[in-house]
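Comments concern the structure below.
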Amino acid sequence: MFSNKEAFKAAFLKRIERTYGKSFQDSTLSDQFQTLGNMVREYISSNWIQTNEEYSKEKKVYYLSIEFLLGRLLGQNLLNLGIYDVVEEGLKDLHISLEELEEIEYDAALGNGGLGRLAACFLDSLASLDLPGHGYGIRYKHGLFEQRIVDGFQLELPEHWLRYGHVWEVRKIDMAVEIPFWGKVETYEKDGILTFRHVDAEYVSAVPYDMPVIGYETDTVNTLRLWSAEPSRYMPNQDVLKYKKETEAISEFLYPDDTNDEGKILRLKQQYFLVSASIRSIIQDYLEQYKDLHAFHEHVSIHINDTHPVLAIPEFMRVLLDDHCMSWEEAWQITTNTFCYTNHTTLSEALEQWPIRIFQPLLPRIFMIIDEINERFCKSLWELYPGEWGRIEQMAIVAHGQVKMAHLAIVGSHSVNGVAKIHTEILKNREMNLFYQFQPEKFNNKTNGITHRRWLLKANPELTHLIRETIGDEWMKQPEKLALLHSYEQDSAFLTGLADVKLKRKEILAKRILEQNGINVDPQSIFDIQVKRLHAYKRQLLNVLHILYLYNRMREDASFDMYPRTFVFGAKASPGYYYAKKIIKLIHSVADMVNNDPIVKDRIKVVFLENYRVSLAEDIIPAADISEQISTASKEASGTGNMKFMMNGALTMGTLDGANVEILEQVGQENIFIFGLKAEEVMKFEREGGYRSMDYYHHDNHIRQVMDQLVNGFFNEEDQFEMIYDSLLIENDQYFVLKDFAAYRDKQQEAGRLYEKDRNRWLQMTARNISQSGYFSSDRTIREYASDIWEIHNRGSQVLVKR
Ligand code: 26Q
């Protein structure tokens with residue numbers, strides 16, 4: 001039905017009539033979207049079945065993640081299937097714009113930010129590389145909140161992506177499993193062995209919804225299985241309504257938090273719900289192939305994305321011990337050889353711990369098992385480090401009334417990885433140093449990546465077209481071949497092409513900004529963009545204070561000159577993160593002032609695009625000239641936005657943090673703007689003190705002026721920005737904003753001058769960034785995971801090259 005445009009049109013028309021009982025003329029965009037989606041799902045169904053059959057004997061990986069930030073799927077699926085053009089042309093004949101049709105799809109926003117989007121990029125790479133890898137997650141009824149800005153304040157509305165159903169999912173009610181909570185543990189004897197049984201539990205039914213994960217120009221269709229919580233058939237006799245509400249609450253909302261300062265019991269329920277259902281499903285699948293579980297780890301790897309799914313480890317132990325009567329020693333051996341863990345943060349406030357008093361009643365048997373893991377672990381430490389109480393106490397999994405999830409993850413896995421070189425080094429040398437001393441062989445780095453299929457082919461067809469005209473198509477399946485562009489870095493036709501593409505994308509974004517914000521921005525100005533979650537450590541504040549500084553300079557010095565710039569922000573703040581919301585407000589206050597002052601003469605525009613999300617990112621990123629990656633060094637584990645911008649030809653303005661360090665390695669220092677404190681210096685201040693933010697206030701007039709404006713009535717608002725002032729000056733800001741201010745200002749000036757004076761050089765830098773971005777394809781990352789950690793091979797049993 002997709003073999004040519006005529007066949008497609010005929011099938012499409014017939015299908016609309018049959019499904020909706022109306023003529024095509026009367027069909028709505030939504031009918032058309034639904035129809036096309038269903039056609040695609042049907043089209044891939046035989047490949048889906050076949051992929052699963054072929055995988056049955058292969059070693060597989062299951063990627064467990066509390067978040068999958070997928071975004072829209074129609075366009076990407078059509079592109080991966082190689083039928084985008086046929087469909088687009090067919091629809092055009094029917095006077096339907098495929099682009100418009102794509103836009104009615106709600107983003108599947110089942111994630112907060114980097115960690116969830118990484119999981120989605122990984123799924124795309126696994127399928128595109130024909131690797132046997134499936135995802136397990138939660139089907140939240142409401143994804144990340146929708147952000148509205150009213151008078152500069154963030155409001156959160158519940159998001160409702162399932163309003164019209166979701167074409168891509170298949171409900172599999174017959175595969176539902178029952179998950180126990182509460183109750184108590186009984187012991188009994190079975191064949192002379194002490195055995196445990198969880199009784200008086202309250203059950204929740206976990207119902208799977210499967211989504212196809214379609215590889216790029218391959219027959220592979222993997223599966224993302226999302227669990228939905230429903231009342232169990234074994235529901236209690238009393239308080240049925242309360243039970244129903246509590247049950248459904250488990251998969252109702254994604255937690256809109258990207259740190260973890262409050263341990264809510266519902267969050268713990270979500271975590272156990274995900275892992276218990278997934279482990280059950282994985283084992284069921286396994287036992288259809290193999291008779292018992294003794295060689296499980298030879299056929300299955302289970303990856304846990306941060307600590308959120310770490311209860312998979314004790315849950316798997318529970319199944320081996322209680323359901324399969326295995327000895328502890330053997331069960332532990334299989335478990336540790338099965339599990340692998342990725343850490344995504346060094347921020348101590350984001351390391352999960354659960355109070356025993358909350359944990360134990362909810363998950364009594366799981367707690368017992370964790371306790372036993374802890375006992376045995378501490379004993380082995382004692383043998384190696386006799387008498388070193390302090391060390392053992394610091395490493396324990398259960399200590400001071402808390403269960404430490406990261407410790408459980410490290411101890412229960414054979415592989416622990418960070419997400420960028422610098423991040424892994426910090427884990428080894430600081431955060432997880434004691435564990436590294438104990439088992440150095442577990443630790444390894446896997447620098448993050450992004451799928452070039454979404455972030456270049458899909459998001460930027462204009463640039464894709466130019467690259468194909470220049471170096472052909474090889475790079476589309478082998479992104480490292482973008483390096484073929486090296487020969488064109490001085491080629492004036494190619495550089496002109498780059499300039500044209502960038503301008504085109506800036507015009508598209510400018511149009512959108514005019515529609516959404518009513519602000520006229522000049523596509524000839526430098527588009528300087530910072531889009532990511534709002535967090536103190538990401539330092540949106542450094543950016544906005546610098547804008548205020550520029551504004552002051554213009555007002556005070558008629559000769560002050562700068563090349564016109566459009567500063568763009570997009571960021572959601574966690575609803576309870578008051579400080580972050582204040583920064584959003586400040587951005588709006590500065591924007592209002594700057595955008596409406598004739599003195600500025602359109603040299604600066606400040607735009608905040610509301611409701612930042614995957615689909616909006618796809619429109620924003622291709623339009624960037626400058627990519628702001630300005631976190632306090634040592635705090636951003638990797639960042640992945642930085643890679644998306646680079647691949648679209650933006651130049652990075654960044655600190656030596658996360659993957660910025662590796663972007664620098666790739667492009668060379670003459671092709672990136674690096675400034676500010678190094679991670680070592682930040683950590684030295686943290687250890688030894690010696691930073692005094694007030695010194696910068698006193699010694700730099702410009703800084704003083706900007707700081708004073710936060711509190712002296714300059715913004716003419718009732719509630720000013722004392723909170724920000726206080727945190728920067730009175731509380732001696734732990735993110736070193738003022739310390740890095742001068743270096744940032746200087747680098748920004750350098751960038752602006754270069755753009756103005758030597759556009760050709762700028763374009764060469766752009767070219768170099770694109771040509772070196774292949775390294776940051778998640779295909780490279782996934783190949784490394786596949787060969788170094790999971791030991792899986794692609795379909796056709798072609799053995800992956802071990803590095
Ligand atoms: C935990 C407990 C309760 C509620 C929420 C959470 C929670 C939710 C999300 C904790 C953390 C997250 C997300 C973290 C995250 O996105 N980290 C980012 O991961 C990226 C992919 O590796 C990195 O590139 C970023 O540097 C890192 O910040």
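The values are calculated or read from the model by the stated rules, or taken from the named source; none is laboratory data. For clarity, every value in this text was computed on a predicted model and none was experimentally measured. Using ideal geometry, Cβ is built from the backbone for each residue, glycine included, and neighbour counts are taken over all protein chains shown.
The table that follows gives values for the structure above.
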item: Only one of Leu157, Leu144 that is within 16 Å of the ligand (Cβ to nearest atom) and either farther than 27 Å from Trp790 by Cβ or within 17 Å of the chain's Cα centre (by Cα) (or both); result: Leu144
item: The one condition in (1) in contact (Cβ under 8 Å) with a residue 12 or more places away in the chain; (2) assigned to a helix (DSSP H, G or I) that Asp695 fails to fulfil; result: (1)
item: Residue check, Leu94 in the same structural domain as Leu274 (by TED's automatic domain parsing), more than 25 Å from Leu457 (Cα to Cα) and modelled with pLDDT of 95 or more; result: no
item: Residue match in the stretch 217-226 (condition: part of a loop (DSSP other than H, G, I, E, B), within 16 Å of the ligand (Cβ to nearest atom), surrounded by fewer than 22 Cβ atoms within 10 Å (Cβ to Cβ) and in the same structural domain as Glu169 (by TED's automatic domain parsing)); result: no
item: Residues of the stretch 501-519 classified as free of Cβ contacts under 8 Å to residues at least 12 places away in the same chain and on the phi < 0 side of the Ramachandran plot, total; result: 3
item: Residue satisfying all of: in the stretch 311-348; acidic (Asp, Glu) and without any contact (Cβ under 8 Å) to a residue 24 or more places away in the chain; farthest from the ligand (Cβ to nearest atom) among these; result: Glu329
item: Residue satisfying all of: in the stretch 507-542; basic (Lys, Arg) and within 16 Å of the ligand (Cβ to nearest atom); farthest from the chain's Cα centre (by Cα) among these; result: Arg539
item: Only listed residue being modelled with pLDDT of 95 or more and either surrounded by fewer than 20 Cβ atoms within 10 Å (Cβ to Cβ) or among the polar types (S, T, N, Q) (or both), chosen from Ser3, Ser65; result: Ser65
item: Search result, residues across the stretch 164-187 that are surrounded by 13 or more Cβ atoms within 10 Å (Cβ to Cβ) and under 23 Å from Val319 (Cβ atoms); result: Lys172, Met175, Ala176, Val177, Glu178, Ile179, Pro180, Phe181, Trp182, Gly183, Val185
item: Cross-chain or 6+ apart pairs with Cβ under 7 Å, the stretch 441-462 first and closer than 16 Å to Asp473 by Cβ, then assigned to a strand (DSSP E or B) and not aliphatic (A, V, I, L, M); result: His452/Ser777
item: Strands (runs of 3 or more DSSP E) enclosed by the stretch 541-629 - at least 1 residues per element that are among the hydroxyl-bearing types (Ser, Thr, Tyr); result: 565-570, 626-629
item: Enumeration of residues in the stretch 255-268 that are over 14 Å from the mean Cα position of the chain (by Cα) and either at pLDDT below 85 or more than 8 Å from the ligand (Cβ to nearest atom) (or both); result: Asn260, Asp261, Glu262, Gly263, Ile265, Leu266, Leu268
item: Close pairs from the stretch 49-67: first under 27 Å from Arg117 (Cα atoms) and among the small types (Gly, Ala, Ser), partner in a helix (DSSP H, G or I) and within 16 Å of the ligand (Cβ to nearest atom), Cβ under 8 Å, at least 6 apart; result: Ser65/Leu115; Ser65/Gly116; Ser65/Ala119
item: Top-ranked residue of the stretch 697-750 - restricted to ones that are of a type in the set (Val, Ile, Thr) and over 27 Å from Asp561 (Cα atoms), ranked as surrounded by the most Cβ atoms within 10 Å (Cβ to Cβ); result: Ile724
item: Qualifying residue in the stretch 58-80 (condition: outside any helix (DSSP H, G or I), more than 16 Å from the ligand (Cβ to nearest atom) and of a type in the set (Asp, Glu)); result: yes
item: Members of the stretch 414-450 that are touching a strand residue (DSSP E or B) at 6+ places or on another chain (Cβ under 7 Å) and farther than 25 Å from Leu656 by Cβ; result: His414, Ser415, Lys442
item: Test: Gly690 is over 26 Å from His588 (Cβ atoms) and small (Gly, Ala, Ser); result: yes
item: Residue list for the stretch 587-639, filter: charged (D, E, K, R), within 16 Å of the ligand (Cβ to nearest atom) and more than 15 Å from Arg565 (Cα to Cα); result: Arg613, Lys635, Glu636
item: All positions within the stretch 235-254 that are surrounded by 13 or more Cβ atoms within 10 Å (Cβ to Cβ) and either under 28 Å from the mean Cα position of the chain (by Cα) or under 30 Å from Gln154 (Cβ atoms) (or both); result: Glu246, Thr247, Glu248, Ala249, Ile250, Ser251, Glu252, Phe253, Leu254
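Here's the yes/no breakdown for (1) basic (Lys, Arg); (2) modelled with pLDDT under 95; (3) buried (at least 18 other Cβ atoms within 10 Å of the Cβ); (4) under 27 Å from Leu729 (Cβ atoms):
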position	(1), (2), (3), (4)
Asn595	no, no, yes, no
Lys601	yes, yes, no, no
Glu610	no, no, yes, no
Asp619	no, no, no, no
Ile663	no, no, yes, no
Gly668	no, no, no, no
Asn671	no, no, yes, no
Met683	no, no, no, yes
Asp695	no, no, no, yes
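Okay, residues lined up against (1) within 16 Å of the ligand (Cβ to nearest atom); (2) in a helix (DSSP H, G or I):
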residue	(1), (2)
Lys92	no, yes
Glu99	no, yes
Glu105	no, no
Ala119	yes, yes
Leu131	no, no
